[in-house]
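Okay, so here's the structure we're looking at.
Please treat every number below as a calculation from the coordinates, not as lab data. Values in this document were obtained by computation on a predicted structure and should not be read as measured data. Neighbour counts are summed over all protein chains in view; Cβ atoms, including those assigned to glycine, are modelled from backbone coordinates with ideal geometry.
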Number of protein chains: 2
Amino acid sequence: MNFLEEKILSDGIVKEGNVLKVDSFLNHQLDIDVIRQIAYELKSRFRDVEVTKVLTIEASGIAIATMMGDIREVPVVFAKKHETVNSTDDKYVSAAYSFTQRRENHVFVSKPYLSRDDRVLIVDDFLADGEAAHALIDIVHQAGAQVVGIGVAIEKASQQGGRRLRDEGYRVESVANIESMDFETQTIRFVESD
Amino acid sequence: MNFLEEKILSDGIVKEGNVLKVDSFLNHQLDIDVIRQIAYELKSRFRDVEVTKVLTIEASGIAIATMMGDIREVPVVFAKKHETVNSTDDKYVSAAYSFTQRRENHVFVSKPYLSRDDRVLIVDDFLADGEAAHALIDIVHQAGAQVVGIGVAIEKASQQGGRRLRDEGYRVESVANIESMDFETQTIRFVESD
């Protein structure tokens, strides 16, 4: 069991509806030691990959992305979310349905910040249904750039987003990969790593 | 002129309505060298202050706050924004009017992440009217904790938020302090530092 799986077992809370609450260290309060360690682990997993830009989505992906950008010495771009986007002249726009917010958000990146030469590493705190990741991939492709990998802190294997992305040929790395959770017993099982 | 003032002159764009666009390096794309340097500068300005927690507000404050937390080795909390907050049982809630979004947002922090022993350094990318800073101060006070300082990357002196906070007795440090901007000539004047 790695550091993040141990942290999830000690500090994560399983809520009804297959929800994992980790806002004591990952997405409301930030335990910077954990965030830094996640960034180093993702650096190690993608050490053979050339990266020119780290891309994430506001808000809770920004901390990990900032650390990744610091460690890999590349710029970070965070996609912005809005319910509506008026002008698309100067933006790459995609849409992602948020299951937690129960609505569709427009996701966008201003055109100057992604170019066709970019080799983009997408990072985020969670990968569940893969809605956000697919929106970011769409934006990278609109820019004519290449997605070289997707690195996340926590994957929820039961929601299939990671499986679909791997089936589509993307390299996906998750530091902790949750196989199942049980609210009644507060047990969390992880996918065994190789 | 310091590094951030130089960066603003070279890469910032003055828009109509007294708006400074710095999203090429500060709040959409992140130039990590600049973000790190801002964090070190704020560390230096507050070097005599004991800090137990860094507090910011989503989304664009998170990168600077993450770096500050890393450098000062304290946890970071980012306040969340919503148009509505259903339950206030487990949250400290305040309100801030956003002039850019032209609406009032509820701003909240879950109660476990601020305690009466905390000595809180508030950080953000911009300080203009001071709406966000006042909401964060309100939240810190609801928790019975102490605001030990407010550190921002860019202050817009003409919008008076910084002056009001200083008049109220808060220690406010801004890495770049803009006295005036002119859209027609694209000139930016900074407040002379001591």
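Are any of the residues in the stretch A:38-49 of a type outside the set (Asp, Glu), more than 14 Å from residue A:173 (Cα to Cα) and over 12 Å from the mean Cα position of the chain (by Cα)? Full working, then the answer.
First, the residues of the stretch A:38-49 that are of a type outside the set (Asp, Glu): A:38-40, A:42-47, A:49.
Applying the additional criterion that residues be more than 14 Å from residue A:173 (Cα to Cα) yields none.
Scanning the stretch A:38-49 turns up no residue that is of a type outside the set (Asp, Glu), more than 14 Å from residue A:173 (Cα to Cα) and over 12 Å from the mean Cα position of the chain (by Cα).
When the residues of the stretch A:17-32 are filtered to those that are out of contact with any Asp or Glu (no Cβ under 8 Å at 6 or more places or on another chain) and within 20 Å of residue A:65 (Cβ to Cβ), the one that is nearest to the other protein chains (Cβ to nearest Cβ) is A:30.
Would you be able to tell me the number of residues in the stretch B:160-189 that are surrounded by 11 or more Cβ atoms within 10 Å (Cβ to Cβ) and farther than 20 Å from residue B:133 by Cβ? So that I can check it myself, show each step before the final result.
Within the stretch B:160-189, the subset surrounded by 11 or more Cβ atoms within 10 Å (Cβ to Cβ) is B:160-166, B:168, B:170-183, B:186-189.
Still in the running and farther than 20 Å from residue B:133 by Cβ: B:180-183, B:186-189.
So the answer is 8.
In the stretch A:131-148 there is at least one residue matching the filter, namely being surrounded by fewer than 22 Cβ atoms within 10 Å (Cβ to Cβ), closer than 26 Å to residue A:13 by Cα and in contact (Cβ under 8 Å) with a residue 12 or more places away in the chain.
A single entry from B:14, B:54, B:74 fulfils the requirement of being away from every other protein chain (no Cβ under 13 Å) and not aromatic (Phe, Trp, Tyr): B:14. Within the stretch B:34-51, the only residue that satisfies the criterion of being at the interface with chain A (Cβ under 8 Å from one of its Cβ atoms) and in contact with a strand residue (DSSP E or B) (Cβ under 9 Å, 6 or more places away or on another chain) is B:35. Here the condition is being within 25 Å of residue B:124 (Cα to Cα) and not in a strand (DSSP E or B); of A:42, A:26, it holds for A:26 alone.
Just to be sure before I move on: is residue B:24 within 28 Å of residue A:40 (Cβ to Cβ) and surrounded by fewer than 23 Cβ atoms within 10 Å (Cβ to Cβ) in the structure I sent? Yes. Applying the condition of being aliphatic (A, V, I, L, M) and in contact (Cβ under 8 Å) with a residue 40 or more places away in the chain to the stretch A:27-50 and asking which residue is surrounded by the fewest Cβ atoms within 10 Å (Cβ to Cβ) yields A:49. With respect to being more than 20 Å from residue A:17 (Cα to Cα), aromatic (Phe, Trp, Tyr) and touching a helix residue (DSSP H, G or I) at 6+ places or on another chain (Cβ under 6 Å), residue A:92 fits the description. With respect to (1) surrounded by fewer than 21 Cβ atoms within 10 Å (Cβ to Cβ); (2) more than 17 Å from the chain's Cα centre (by Cα); (3) within 13 Å of chain A (Cβ to nearest Cβ); (4) among the hydroxyl-bearing types (Ser, Thr, Tyr), the lone exception for residue B:88 is condition (3).
Can you tell which of B:64, B:122 is in contact (Cβ under 8 Å) with a residue 12 or more places away in the chain and either over 15 Å from the mean Cα position of the chain (by Cα) or not in a strand (DSSP E or B) (or both)?
Values: B:122 fails: either over 15 Å from the mean Cα position of the chain (by Cα) or not in a strand (DSSP E or B) (or both).
The match here is B:64.
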